[in-house]
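Following: one structure in structure tokens, then a few remarks.
The values are calculated or read from the model by the stated rules, or taken from the named source; none is laboratory data. In this text, all values refer to a predicted model and were calculated from it rather than measured experimentally. Here the Cβ is made from the backbone with ideal geometry for all residues, glycine too, and neighbour counts use every protein chain on show.
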Amino acid sequence: MARVYNFAAGPATLPEEVLQEAADEMLDFNGSGLGVMEMSHRSKAFEKIIGEAKQDLIDLMGIPEDYEVLFVQGGASQQFAAVPMNLMKNRVADYIVTGQWAKKAFTEGKIFGQANKIASSEDKTFSYIPDCSDLPISDNADYVYICENNTIYGTKFPQLPNTKGKILVADQSSMFLSEPVDVSKYGLIFAGAQKNIGPAGVVVVIVRKDLITDDVLPGTPTMLKYKTQADNDSLYNTPPAYGIYICGKVFKWLKKMGGLEVMKERNVKKAQVLYDYLDQSQMFHGTVEKGSRSIMNVPFITGNDELNAKFIAEATANGFVELKGHRTVGGMRASIYNAMPYEGVVKLVKFMEEFEAANK
Ligand SMILES: *Cc1c(COP(=O)(O)O)cnc(C)c1O
């Protein structure tokens, strides 16, 4: 079996150990004679799977008791609507627009009320995070919204914005569980699974309990009310059961690895190898301002479309796949999530050095 180094932004690489375990259990989970995909979501066995996944996530992130953890469907994109439907009581919200995903959330927010763009980095193709220490936060804003790690542009908030007491909502899809976060600083965190924790089809929502109410915007579908999901332990209807099972295995893997402090150390070390090379290369250049760099998504360019294409083709042939940048940006992007081993990045850099030498 020849596994490649998969640098895709999402769906993305998963820990090999987790995939192997899932493969071993595919036909017969724990001696039950059936696989998790075939199992009732109301069965004792599945209740245990989802219960452990939730508890392991609480342990990993140190989620305080006054927060609820929900496993929902619809992708991270559905949260762009669910967030305003549940939280926009005054019909006012402030958005910091630092990339395509934040922009989409902002555009969706406008469907439900007055969404204000209070800061943006679009003037420099989203290559930095704006200063968020003293923004014009609206007096009656129901929340301030950020996309904390911008998957496409490779930026990450170096510190959280000063929301002047307003609730902070963060899309953490592409940085989820890559490092410790202080959950108590947020009103709501959501993350689509397929970047860093599992297969597409699961979204984790971590929301402060006092924000889970029946006081939602008129017309909010039952399924999109956080209260529906919270009251039913994420089992109001059939959940994305197999996806939750895989996420649960990834959470256990992360615990075994030593938790989020250790993951952060590993991720910083991995990203450093790539950034150090980019900073001295004559051919490849990072596109993000140094203070705003993501440790999960690293975009880079050569400044020459033909050379980019040649690099991507040769990298692919050598087992470094999915390095093409997002279609709106071009160039290259290496997504180096939790499951990308250090040696994968070291080997990629070695390959880049060789390519640079051969194409001077
Ligand atoms: C991928 C991504 C999304 C969209 O996720 P879907 O599950 O496809 O809806 C939203 N936000 C961020 C930061 C992402 O990386």
I'd like to verify a number: residues in the stretch 197-245 that are out of contact with any Gly (no Cβ under 9 Å at 6 or more places or on another chain), surrounded by 17 or more Cβ atoms within 10 Å (Cβ to Cβ) and of a type in the set (Gly, Ala, Ser), how many? 3
Is it the case that Phe80 is buried (at least 18 other Cβ atoms within 10 Å of the Cβ), under 20 Å from the mean Cα position of the chain (by Cα), within 18 Å of Asp233 (Cα to Cα) and within 16 Å of the ligand (Cβ to nearest atom)? no
Hey, among the residues in the stretch 269-306 that are in contact (Cβ under 8 Å) with a residue 40 or more places away in the chain and in a helix (DSSP H, G or I), which one's surrounded by the fewest Cβ atoms within 10 Å (Cβ to Cβ)? Gly291
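Conditions (1) surrounded by 19 or more Cβ atoms within 10 Å (Cβ to Cβ); (2) at pLDDT 95 or above; (3) in contact with a Ser or Thr (Cβ under 9 Å, 6 or more places away or on another chain); (4) closer than 19 Å to Ser335 by Cβ, marked per residue:
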| site | (1), (2), (3), (4) |
| --- | --- |
| Ala102 | yes, yes, yes, yes |
| Lys110 | no, yes, no, no |
| Gln114 | no, yes, yes, no |
| Asn140 | no, yes, no, no |
| Asn150 | yes, yes, yes, yes |
Residues that are more than 15 Å from the ligand (Cβ to nearest atom), within 14 Å of the chain's Cα centre (by Cα) and among the charged types (D, E, K, R), drawn from the stretch 169-183: Glu179
Output the residue which, of all residues in the stretch 5-31 that are of a type in the set (A, V, I, L, M) and under 14 Å from Ile336 (Cβ atoms), is surrounded by the most Cβ atoms within 10 Å (Cβ to Cβ). Ala12
Tell me, please, whether a residue that is touching a residue at least 60 places away in the same chain (Cβ under 8 Å), over 30 Å from Asn140 (Cβ atoms) and among the hydrophobic types (A, V, I, L, M, F, W, C) can be found in the stretch 224-236. yes
Exclusive hit being modelled with pLDDT of 95 or more and not in a loop (DSSP other than H, G, I, E, B), set Met223, Met175: Met223
Can you find a residue in the stretch 184-206 that is closer than 24 Å to Val250 by Cα and away from the ligand (no atom under 16 Å from the Cβ)? yes
Among the listed residues Pro136, Pro130, Pro158, which satisfies the condition of being more than 21 Å from the chain's Cα centre (by Cα), farther than 25 Å from Ile212 by Cα and not β-branched (Val, Ile, Thr)? Pro136
Output yes when any residue across the stretch 220-234 is within 15 Å of the ligand (Cβ to nearest atom) and either under 14 Å from Leu57 (Cβ atoms) or hydrophobic (A, V, I, L, M, F, W, C) (or both), and no when none is. yes
Tell me which residues, restricted to the stretch 58-77, are within 16 Å of the ligand (Cβ to nearest atom) and either among the acidic types (Asp, Glu) or assigned to a strand (DSSP E or B) (or both). Leu70, Phe71, Val72
List the number of the failed condition for Lys166; all other conditions in (1) under 14 Å from the mean Cα position of the chain (by Cα); (2) away from the ligand (no atom under 16 Å from the Cβ) hold. (1)
